[in-house]
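Following: one structure in structure tokens, then a few remarks.
The values are calculated or read from the model by the stated rules, or taken from the named source; none is laboratory data. Bear in mind the structure is a predicted one, so any value in this text is a computation, not a measurement. Backbone-built Cβ (ideal geometry, glycine too); neighbour counts: all protein chains shown.
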Amino acid sequence: MVLAGALLASSCTSGKSRQEGDAPKETAQTRRSSTLTIKGSDTMVILAQNWAQAFMAANPGKVIQVSGGGSGTGMAALINGTADLANASRPIKDKERKQLAKRRDVEVEEFRVALDALAVYVPASNKIESLTIPQLKSIFRGQTTNWKDVGGEDKSIVLYSRENSSGTYAYFKEHVLEDEDFAATAQTLPGTAAVINAVSKDAGGIGYGGIAYAEGVRTVKVAPADGEPVEPTMENATSGKYPLSRFLKIYSAGKASGIAKEYLDYVLSDDGQKIVEGVGYYPLPKEATAAAE
């Protein structure tokens with residue numbers, strides 16, 4: 001009886017407080033409707049953070065949480081429901097698509113949000129101007145081990161690569177190594193910025209990553225097996241002339257709605273695409289299919 005009286009008193013007090021105009025307490029549902037969690041590509045972290053900051057500035061009370069870990073990490077989070085959106089620098093795998101459909105009973109939605117030229121980096125002291133895709137394959141497979149064998153100085157080549165959860169790693173492995181393994185001597189680093197830092201301090205170094213990170217190093221022209229060397233410029237990436245151009249993407253579980261849709265609309269708006277260019281990537285071409293996949 002005492003317990004019942006206490007509960008009744010609590011109920012009455014709560015009702016009185018609301019009548020006096022106290023703001024209702026935040027619930028899990030209201031937090032979900034005003035908070036967006038995004039995980040995935042390390043290549044896209046700085047870009048996504050800039051998008052998030054601009055979006056939150058224009059939408060007070062809405063919170064966007066951005067973290068990296070690699071495209072694979074983002075996909076896993078989207079599948080298990082710990083992320084609302086996944087950033088990816090490579091296309092979703094069929095296995096991931098099926099896992100998401102089974103786990104969350106929805107189909108994945110894909111949004112192309114920017115264009116990147118995956119660049120090959122060497123230190124500023126390296127005079128190599130260009131490399132072909134076959135040469136890059138031989139280098140990162142560990143078959144070519146001295147710069148003199150590709151027209152450079154007599155110096156051992158030191159390989160810097162990304163971790164295997166990275167979309168950049170997956171893209172490079174597919175498009176350059178033709179899905180063969182990297183050399184065992186390749187040093188794996190947890191982000192493009194780390195690769196850039198290592199290459200910039202190693203006279204024999206070579207690495208790869210998104211064009212936006214190309215500071216303190218030099219990018220080399222890349223040539224397809226039967227073509228001319230091409231610089232990783234916006235024009236060449238947009239036209240598909242640069243052989244390692246790719247779309248950066250965001251994935252949602254099912255049709256995006258609420259704050260997720262608002263954020264995606266912003267990302268694809270003129271203001272959102274200006275941020276892409278400001279960070280160092282390339283805005284989407286007028287016809288997104290104009291760029292190489």
| Going by the structure shown, is Asp265 surrounded by fewer than 20 Cβ atoms within 10 Å (Cβ to Cβ) and either closer than 24 Å to Ala57 by Cα or in contact with a Phe, Trp or Tyr (Cβ under 7 Å, 6 or more places away or on another chain) (or both)? | yes
| query | Any chance the range 139-151 includes a residue that's charged (D, E, K, R) and crowded, with 20+ Cβ neighbours inside 10 Å? | reply | no
| field | Residues (in a loop (DSSP other than H, G, I, E, B), in contact with a helix residue (DSSP H, G or I) (Cβ under 8 Å, 6 or more places away or on another chain) and surrounded by 18 or more Cβ atoms within 10 Å (Cβ to Cβ)) located in the range 201-229 | value | Gly204, Gly210, Ala214, Val217
| Residue satisfying condition, being touching a Ser or Thr at 6+ places or on another chain (Cβ under 8 Å), touching a residue at least 60 places away in the same chain (Cβ under 8 Å) and within 17 Å of Val217 (Cα to Cα), within set Thr192, Thr168 | Thr192
| task | Could you look through the range 81-110, keep only residues that are of a type in the set (S, T, N, Q) and in contact with a strand residue (DSSP E or B) (Cβ under 8 Å, 6 or more places away or on another chain), and pick out the one that is nearest to Gly167 (Cα to Cα)? | result | Ser89
| remark: Note: among Thr233, Thr219, Thr289, just one is polar (S, T, N, Q), modelled with pLDDT under 90 and either in the same structural domain as Leu100 (by TED's automatic domain parsing) or out of contact with any Ser or Thr (no Cβ under 6 Å at 6 or more places or on another chain) (or both), namely Thr289
| request: Mind listing just one residue for me: the one in the range 125-160 that is touching a residue at least 24 places away in the same chain (Cβ under 8 Å) and among the β-branched types (Val, Ile, Thr) and, of those, nearest to Leu189 (Cα to Cα)? | output: Val158
| field | When residues of the range 159-195 are limited to those that are within 18 Å of Arg246 (Cβ to Cβ) and among the aliphatic types (A, V, I, L, M), the one farthest from the chain's Cα centre (by Cα) | value | Leu177
| query | Which residue out of Ser165, Ser161 is in contact with a Gly (Cβ under 9 Å, 6 or more places away or on another chain) and modelled with pLDDT under 95? | reply | Ser165
| Residue within the range 92-101 that is touching a helix residue (DSSP H, G or I) at 6+ places or on another chain (Cβ under 8 Å), surrounded by 15 or more Cβ atoms within 10 Å (Cβ to Cβ), part of a helix (DSSP H, G or I) and acidic (Asp, Glu) present | yes
| task | Mind counting the residues in the range 60-91 that are within 20 Å of Gly191 (Cβ to Cβ) and part of a loop (DSSP other than H, G, I, E, B)? | result | 4
